[in-house]
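Beneath this line is the structure, given in structure tokens, with notes to follow.
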Amino acid sequence: MEIKIDNTASDQRFDRFLRKWFKKYPQVRLADIYSAIRKWLIKVNGKRAKEEYRVKFGDIIQIDDKVQMWSEDLSALVSQKDRKLEKVDINKIKQQILYEDGHRIVFDKPSGIPMHPGNKHRNDLCMNDYLDKYAETYKTVTFKPSFGYRLDRDTSGVLIAAKSYEALQYINTIIRERDIDKYYLALVIGKFPDHLIIKKPLTKLYNKALDRSQVKVDYDGGLESKTECWLEKYIKHPLLGPISLLKIKIHTGRMHQIRVHVGSEWFPVLGDIVYGNTVTNKILYTALGINRQLLHCRKYSFLDPFKNDQISFESPIPADFQKILHL
């Protein structure tokens, strides 16, 4: 068997490349991989290569037939994750894709789907499962596509995955250096001001009663946090009362930043079970059938280094927002 190294795989250590590539063959142990390298059963361009060799674009990896990748026990070939991925509808995934090029995939993430399985939902499908399943449709054999950031389980909207190590490094860098514009939509309780900048330091803590992480305003030891909000629409809903649709730009990226900041100004996000209003949330669920925080990642915009031009990705207004606003 031969594998040709493409741009997404270049400049990786030889052994790390093989460890990633052999993950689809669970019966091949780590010790088997290193043994095959030492015995020259896996070569680079027909020559012996050491574990620390860095593979280059165009290199040909040759795997000798003596390396046993197949098993008579077919069940050994299917991991628990593979069995879970069998449930994923590839057509449904494609419907969630807003944009794709050689460097990134942009999803329109639905609400109710976590980024990765948690302790209480290990067997639930998550966005990483969808990404792994979709990655099977193209020929990237080495770099595992990865999301550049995360959204809460019940937050919908723009979610960007990198298809190459270079693209992943770049989005991590511009997020860290705040060189990216991130806009959200939120439905909150009350009549919000036309424009408000909230600058309150935030601290993450663990709530034992709820068995989850939470965030609070902490002027003594919190991290700098800044949220800018504009009032987009105000209505008096017949069931929920005064409701405001906000456009929000986050200048920092703290956990639960929007939800905590607007809540601290007495405008909690509709449907937020952690920081929101219990009475209004109950009406939202029982009367309208909406059981999530109404927070939506609307737009991401940044300089595309591969085209040297500004690039933007925008997600449509979700159906539950429209239902409340009568759009």
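By the count of other C-beta atoms within 10 Å, a proxy for reagent exposure, VAL106, VAL88 are ordered fewest to most as VAL88, VAL106. For the chain, the fraction of C-alpha pairs more than 28 angstrom apart is 52%. Residue exposure proxy: ILE258, ILE42, ILE113, ordered by other Cβ atoms within 10 angstrom of their Cβ from fewest to most, comes out as ILE113, ILE42, ILE258. Computed as a quarter of the hull surface, the mean projected area of the alpha carbon convex hull for region 194-327 stands at 10.3 nm².
Taking the Cα centre of region 215-316 as origin and charging only Cβ (+1 Lys, Arg; -1 Asp, Glu), how large is the dipole, in debye to the nearest 20? Kindly include the intermediate steps, with their values, before the conclusion.
Numbers: 13 positive and 10 negative charges, 70 e Å.
Its charge dipole is roughly 340 debye.
List, in the order given, every pair from LYS87/LYS216; LYS20/LYS216; LYS247/LYS282; LYS199/LYS233; LYS182/LYS236; LYS50/LYS163 whose Cα-Cα distance in the structure shown is over 30 Å. Checking Cα-Cα distances, LYS87/LYS216; LYS20/LYS216 exceed 30 Å.
Using 1/(1 + (r/R0)^6) with R0 = 35 angstrom and r between the beta carbons of LEU239 and LEU303, what's the FRET efficiency to the nearest 0.05? Taking R0 as 35 Å, the efficiency between LEU239 and LEU303 is 0.20.
Placing unit charges on each Cβ (+1 for Lys and Arg, -1 for Asp and Glu) gives the chain a dipole about its Cα centre, and among HIS326, ASN172, GLY241 the Cα reaching farthest toward its positive end belongs to ASN172. Give the share of C-alpha pairs in each 10 angstrom bin for region 208-279, from 0 to the last occupied bin, in whole percents, shortest bins first. Pairs per bin, as whole percents: 17, 47, 28, 8, 0.
Here's the list of lysines a cross-link from LYS47 could span, going by alpha-carbon distance under 20 Å and ignoring same-chain residues fewer than 8 apart: LYS4, LYS39, LYS56, LYS66.
As I understand it, the value is the acute angle between the Cα axis of helix 165-176 and the longest principal axis of the Cα atoms of the chain; what does it come to in degrees, rounded to 10? Tilt relative to the chain: about 30 degrees.
In this simple spin-label approximation, GLU166 and GLN62 carry label points 7 Å from Cα along the Cα→Cβ vector, and these lie 2.9 nm apart.
Mean 1/r over all different Cα pairs, inverted: what Kirkwood radius does region 280-327 give, in Å? Please list the in-between numbers first.
Numbers: mean 1/r = 0.0760 Å⁻¹.
Hydrodynamic radius (Kirkwood, Cα pairs) of region 280-327 is 13.2 Å.
Projecting the alpha carbon convex hull of region 184-242 along each direction and taking the average yields 5.8 nm².
What size of dipole, in debye to the nearest 20, comes out for the chain about its Cα centre when the only charges are +1 on Lys and Arg C-beta atoms and -1 on Asp and Glu C-beta atoms? Don't jump to the answer; show the numbers that get you there.
Values: 56 positive and 41 negative charges, 111 e Å.
For the chain, the charge dipole is close to 540 debye.
Taking other C-beta atoms within 10 Å as the exposure proxy, THR280, THR8 rank THR280, THR8 from fewest upward.
Read-outs throughout are calculated quantities, based only on the coordinates presented, and are distinct from any laboratory measurement. Note that the coordinates shown come from a computational prediction; the quantities given were computed from them, not determined experimentally. Cβ coordinates were reconstructed from backbone atoms using ideal geometry, including for glycine residues, and neighbour counts include every protein chain displayed.
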